[in-house]
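> The structure follows.
The values are calculated or read from the model by the stated rules, or taken from the named source; none is laboratory data. Keep in mind the model is a prediction, meaning the values are calculated, not measured. All Cβ positions, even for glycine, are placed from backbone atoms using ideal geometry, and neighbour counts span all protein chains on display. When the accessible area is computed, the model is the full protein with side chains, heavy atoms only, and any ligands, DNA or RNA have been set aside. Shrake-Rupley method; radii C 1.70, N 1.55, O 1.52, S 1.80 Å.
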Amino acid sequence: IDECEIVPDACKGGMKCVNHYGGYLCLPRTAQIIVNEREEAAAESTSGRNNVIRRTPADPQRAPPNPTHQIQCAAGYEQSDHNVCQDIDECATGTHNCRADQVCVNLRGSFSCQCPPGYQKRGEQCVDIDECTLPPYCHHRCVNTPGSYYCQCNAGFQLASNNHTCVDINECDANNPCAQQCYNILGSFICQCNPGFELSSDRINCEDTDECRTSSYLCQYQCVNEPGKFSCVCPEGYQVVGGRTCQDINECETTNECREDEICWNYHGGFRCYPRNPCQEPYVLTSENRCLCPVSNAICRELPYSVVYKYMSIRSDRTVPSDIFQIQATSIYPNTINTFRIKSGNENGEFYLRQTSAVSAMLVLVKSLSGPREHIVDLEMLTVNSLNYRTSSVLRLTIIVGPYAF
């Protein structure tokens, strides 16, 4: 029997095992073995290589061993063709008595019935080991299976290459689910929208924000919604300033369409052409906007001595009361008394003339006016001297009310 093969760890302390007839030897690893077929084995320590040298002396008297000699083998062993006891592999020959749910493991001279991986013995049976009840194998969730287990990750995570750890899924890189902007967070993601858009109820898509609907103060005149933004527009006669405010266009400076005998007067939202010579018989023009009635003409004795033409523009729906125009005497004479009145153009009582000094008065708007509209108001100044001589002058004020409050 070769004990060096069947005896586990036969020699200790770094010794080497050498099989010998009927036993074995533990020798230093530096020993050289010389085996004599006739004499007993001798050993001597050398510093050379480990060799086994067999010497067969020329002895014709020695008879060869009997090949027909039968040997007795221990249980679990059987005689081989070379007359040596060798282990019987019960697992291979099927002579074991392991259960169907067990695994046969061959041993020297015997066998063992073991449970497959993932199972443990309970009595004679193999029962599944619930790895999920043991110290945590899985980062997030453990799922037990017959003889094994596997790990699962929470939503937003995926298994790492070790099949145990869970790592965050960057949804923004993998498959951007957001319609516009995507921000990855641990285990999930957040969608955001570009300026001018807002998240829809699904928290994924973006819907245009109707800024015009959210506020009525974005634009001075009219708001126009556009994808992701808005713009302001102004009515005819105005231009957008600063993106939101409407500013009157002075057509008299840009596209003056009046004739040469006309003057162009710009007002809020438009313009009008008035004659350069507004005087009518018997008045004659003395300056650009002043007409006089000659005293030599008898008709002039019953008419105002002078008529001055003035133009002004106001916005629609102006707050009231509001001072809008001041009238003042151009010539001041001693020992005279001046009084002021609205001679015509105030049939509906929109105006009031308040005297502010001996030579001036203020026209006050007392009723709000809506445009577009034109009012012609005659403001008269009566002058009386100490000799009871009376004279008057008229300021014909044309008030153009724009169509809007800007």
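> Are there any GluC sites (Glu not before Pro) in the range 248-356 that are in a DSSP loop and have at most 11 other Cβ atoms within 10 Å? List them by number.
Counting only loop positions with at most 11 other Cβ atoms within 10 Å, the GluC sites (Glu not before Pro) in the range 248-356 are 257, 260, 288, 347.
> For residue 233 and residue 348, what does the FRET efficiency come to when R0 = 35 Å and r is the distance between their Cβ atoms, rounded to the nearest 0.05?
0.55
> Leaving out same-chain residues fewer than 8 places away, which aspartates and glutamates sit with a Cα under 15 Å from that of residue 12?
3
> Considering only DSSP states other than H, G, I, E and B, which trypsin sites (Lys or Arg not before Pro) in the range 362-395 qualify as loop sites with at most 13 other Cβ atoms within 10 Å?
Here the sparse-neighbourhood loop sites are 367.
> If you don't mind, another one. Considering only protein heavy atoms and a 1.4 Å probe, what is the carbon-and-sulfur percentage of the accessible area of the chain?
49
> Per q in 0.11, 0.12 1/Å, what log10 I(q)/I(0) does a Debye calculation on the alpha-carbon atoms of the chain return?
-1.04, -1.12
> Could you work out how much longer the chain between residue 299 and residue 34 gets when fully extended? Use 0.36 nm per residue separation minus the Cα distance between them, nm to one decimal.
Stretched fully, the residue 299-residue 34 segment lengthens by 78.4 nm.
> For the range 279-401, count all C-alpha to C-alpha pairs, find those more than 16 Å apart, and express that count as a whole percent of the total.
64
> Taking the Cα atoms of the range 279-341, what is the range of coordinates along each of the three principal axes, in descending order and whole Å?
Principal axes ranked by extent give 46, 32, 20 Å for the Cα atoms.
> Kindly report the accessible area of the chain per residue (heavy atoms of protein chains, probe 1.4 Å, no ligands, DNA or RNA), in Å².
Result: 65 Å² per residue.
> For a test of the definition: using alpha carbon positions, the gyration tensor, and the 1.5 limit on a/c, classify the range 200-280 as rounded, prolate or oblate.
Note, shape of the range 200-280 comes out prolate.
> Another question, then. In nanometres, what is the gap between the two model label sites at residue 337 and residue 75, each 7 Å from Cα along Cα-to-Cβ?
15.7
> Taking every DSSP beta bridge with both residues inside the chain, roughly what % is antiparallel (nearest 5)?
For the chain, the DSSP antiparallel bridge percentage is about 85.
> Right, another one. If each residue of separation counts as 0.36 nm, what is the full-extension length gain between residue 26 and residue 217 once their alpha-carbon separation is subtracted?
58.2 nm
> Take the Cβ-Cβ distance between residue 130 and residue 19 as r, set R0 to 45 Å, and report the resulting FRET efficiency rounded to the nearest 0.05.
That gives a FRET efficiency of 0.40.
> Further, regarding this structure: Given the DSSP H assignment, sum -39500 (n - 2.57) over each helix run of at least 4 residues in the chain and divide by its residue total; what's the result at 222 nm in deg cm²/dmol, nearest 500?
-500 deg cm²/dmol, from helical runs alone.
> Right, next: Given axes a ≥ b ≥ c from the Cα gyration tensor, I'd like to know whether the range 84-127 is rounded (a/c under 1.5), prolate (a/b larger than b/c) or oblate.
Since a/c reaches 1.5 and a/b is larger than b/c, the shape of the range 84-127 is classed as prolate.
> Do any chymotrypsin sites (Phe, Trp or Tyr not before Pro) in the range 104-160 lie in a loop, going by DSSP, with at most 11 other beta-carbon atoms within 10 Å of their beta carbon, and if so which?
For chymotrypsin sites (Phe, Trp or Tyr not before Pro) across the range 104-160 that sit outside H, G, I, E and B with at most 11 neighbouring Cβ atoms in 10 Å, the list is empty.
> Let me ask something additional. Label 7 Å along Cα→Cβ of residue 144; the range 96-138 residues with amide nitrogen under 18 Å?
115-123, 125-138
> Also, quick follow-up: Which number do you get for Rg(Cα) / (2.2 N^0.38 Å) in the range 84-168?
Compactness ratio reported: 1.59.
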